[in-house]
Amino acid sequence: MAYWLFKSEPDAWSWEQQKAAGRDGTEWTGVRNYLARNNMRAMAIGDLGFFYHSNEGKEIVGIVEVAKLAHPDSTAGDDARWECVDIRAVEDMPRPVTLAAVKANPKLAKMALVTSMRLSVQPVTDDEWAEVRRMGGLAS
């Protein structure tokens, strides 16, 4: 299993909206960065990810699961370069983990959220996954 981080501006798509999408989840559309797209292509059904509110809040607020493999992004029109996965909400972070807290934690100094802040879909290592979960009040 691999771990990921999905970034969304909460005024465009929030954690509450993701949870409301239910068990089927929803497409993670609108990604127009090749590295982020390639990250989605590398995902497997059942992979888990952090749901991160960017811009407003700047915090990890929940856990999602990949529910459907990479497929054409329905918002890309005829442009076949862009793909997306479907994700569904799994659980809330009991304590949201802020960007400031991530940056302050030496164990997370190499996390993509710190080193590649603008990347909208990022890989997360096993150790980073466990540490962020611990910070958020979840067992690893």
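The values are calculated or read from the model by the stated rules, or taken from the named source; none is laboratory data. Note that the coordinates shown come from a computational prediction; the quantities given were computed from them, not determined experimentally. Reconstructed Cβ throughout: ideal geometry from the backbone, glycine too, with neighbour counts over all protein chains shown. For accessibility, only protein heavy atoms count, side chains too; no ligands or nucleic acids. Shrake-Rupley method; radii C 1.70, N 1.55, O 1.52, S 1.80 Å.
Rolling a 1.4 Å probe over the protein chains gives SER14 an accessible area of about 20 Å². Per residue, the chain exposes 50 Å² of solvent-accessible protein surface, assessed with a 1.4 angstrom probe and all protein chains in place. Going by accessible surface with a 1.4 Å probe and the largest first, TYR3, TYR34, TYR52 read TYR34, TYR3, TYR52. Can you tell me the relative contact order of segment 82-140? Whole percent, Cα pairs under 8 Å, sequence separation 6 or more. Contact order relative to length: 36 percent.
Leaving ligands, DNA and RNA out of it, rank MET117, MET1, MET111 by accessible area with a 1.4 Å probe, largest first.
Per-residue accessible area, sorted high to low, gives MET1, MET117, MET111.
Contact order normalised by length for segment 40-91, with contacts defined as Cα pairs under 8 Å and 6 or more residues apart; what percent is it?
Once normalised by length, the contact order is 37 percent.
Per residue, the convex hull spanned by the Cα atoms of the chain measures out at 98 cubic angstrom. Treating each Cα of segment 93-139 as one equal point scatterer and applying the Debye formula with no solvent, the log10 of I(q)/I(0) at q = 0.14, 0.22 Å⁻¹ comes out as -0.30, -0.75. For LYS7, the aspartates and glutamates whose Cα falls under 12 Å of its own Cα, not counting residues fewer than eight places away in the same chain, are GLU56, GLU59. Cα centroids of segment 34-73 and segment 76-97: 4 Å apart.
Ranking ALA44, LEU108, THR125 by how far each Cα lies toward the positive end of the dipole of the chain (charges on Cβ) leaves LEU108 at the top.
Around the Cα centre of segment 38-140, unit charges on the Cβ atoms of Lys, Arg, Asp and Glu (plus for the first two, minus for the last two) sum to a dipole of about 400 debye. Between the helical axis of 126-135 and the longest alpha-carbon principal axis of the chain there is an angle of about 60 degrees. Using alpha-carbon pairs under 8 Å, 6+ residues apart, how would you state the relative contact order of the chain in percent? That works out to 29 percent.
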